[in-house]
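Bear in mind these aren't lab numbers, they're just calculated from the coordinates by the rules spelled out. Note that this is a predicted model, so its numbers are computed, not measured. Heads up, the Cβs are rebuilt from the backbone with ideal geometry, glycines too, and the neighbour counts pull from every protein chain shown.
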Amino acid sequence: MRDDTPDETRRGRLSRTFDEDAELYDRARPGYPPELFDDLADVAGTSPGCRVLEVGAGTGKATLPLAERGYRITAVELGSGMAGVARRNLAGFEAVEIVTADFETWPLPQEPFDAVVSATAFHWIDPAVRMAKAADALRPGGALAVVATQHVAGGSEQFFVEVQDCYERFDPATPPGLRLPAAEDVDTSDHTEEVARSGRFGPVVFRRYEWDLTYTTAAYLEVLRTYSGHRALLPEAREGLLGCIAGQIDRRYGGRITKRYLTELRVSRTPHILR
């Protein structure tokens, strides 16, 4: 399958595709491993009552487990549809505020945060803004926690090799012979270098989680329909691609495949004393 990481010419346009069907996104997208949130508390030093700013909250896939751990959360989400679903999902938590705004221009409150968290969303934020503004939002010693999700080799591995024929047929942007990387080969240097270039944070601490999720044909097509690159295809090409993929799963894999995810927690902290 294709990599949905945006280049700068596509970033703004593709980032808005998620809001086109927020209910589908909420229903189809997986959440995050529970141990990630335990590690976040350990590495970032957060505890119940801490102030957390979430950037790109979506429908609340990460907001809910954060709220269940007793954090006071301000969650900023660009899409009005996504924000509306998040408000519904977090309705039982009085300490959670969902703000519909783009992070780049949203005015930071005067009171600083203990942590800034962004789950599968930080790469959509303008790179000219995201590090500096995240640092500005934090108290001395506060933590920036970026969660990234990668597609990696594993699960029904041969299916993900064979399905590239569908992508090459219906999506001309697909590189020929594309293969999913092994989890140990996923490169994290871009984030490490961006943090270092900002001059605002200390070293990055990484935690990694490999996990498998099994999908029926229908469920897998639903999650594909939430990916920005798939949504950006012309309707005829998109439906042709999805039909080709469905045929592969039904004919060769009995209507069920397993996908492996790599979720990364990347935590860096501001200096404890501002210069």
**Whole-number D in µm²/s for region 78-150 (Stokes-Einstein; Kirkwood sum over Cα pairs; 4 °C, 1.567 mPa s)** = 96 µm²/s
**Asked** Given (1) 1.02; (2) 0.92; (3) 1.43 as candidate values of Cα Rg over 2.2 N^0.38 Å, which corresponds to the one derived from the coordinates?
**Response** (1)
**Asked** Using the 10 angstrom Cβ neighbour count as an exposure proxy, how do ARG88, ARG231, ARG197 rank, fewest first?
**Response** ARG197, ARG88, ARG231
**Request:** Work out from phi, with θ = phi - 60° and the Karplus expression 6.51 cos²θ - 1.76 cosθ + 1.60, the ³J(HN,Hα) of each residue of region 172-184, listed in order in whole Hz, and give x for Gly and Pro.
**Result:** x, 7, 6, x, x, x, 4, 10, 6, x, 5, 4, 6
**Prompt:** So what is the 222 nm mean residue ellipticity for the chain from helices alone, if each DSSP H run of at least 4 adds -39500 (n - 2.57) and you divide by all residues, rounding to the nearest 500 deg cm²/dmol?
**Reply:** -10000 deg cm²/dmol
**Asked** Between rounded, prolate and oblate, where does region 47-105 land on the alpha carbon gyration tensor, with a ≥ b ≥ c its root eigenvalues, rounded for a/c under 1.5, else prolate if a/b exceeds b/c?
**Response** oblate
**Asked** So, by mean Cβ neighbours within 10 angstrom, what's the order for 141-148, 123-130, 209-216 with the highest one leading?
**Response** 141-148, 123-130, 209-216
**Fill in**
Diffing region 205-217: the Karplus 3J(HN,Hα) column from phi (6.51, -1.76, 1.60, θ = phi - 60°), in whole Hz with x for Gly and Pro, holds 9, 10, 10, 10, 9, 9, 8, 10, 9, 9, 10, 6, 4
**Item:** In sequence order, calculated HN-Hα J values of region 151-157 (Karplus, 6.51, -1.76, 1.60; Hz; x Gly/Pro)
**Value:** 8, 10, 5, x, x, 7, 4
**Request:** Provide the FRET efficiency to the nearest 0.05 for the ARG27-ALA196 pair, computing r from the beta carbons and using R0 = 35 Å.
**Result:** 0.35
**Prompt:** What shape does region 218-265 take by its C-alpha gyration tensor, where a ≥ b ≥ c are the square roots of the eigenvalues and a/c under 1.5 counts as rounded, a/b above b/c as prolate, and the rest as oblate?
**Reply:** oblate
**Prompt:** Can you list residues whose amide H is under 5 Å from ILE98's amide H, if they're 5+ apart or on another chain and H is modeled 1.01 Å from N?
**Reply:** ALA75
**Cut-off 12 Å (backbone N to label point 7 Å along Cα→Cβ of GLU210), residues of region 243-264** = 260-263
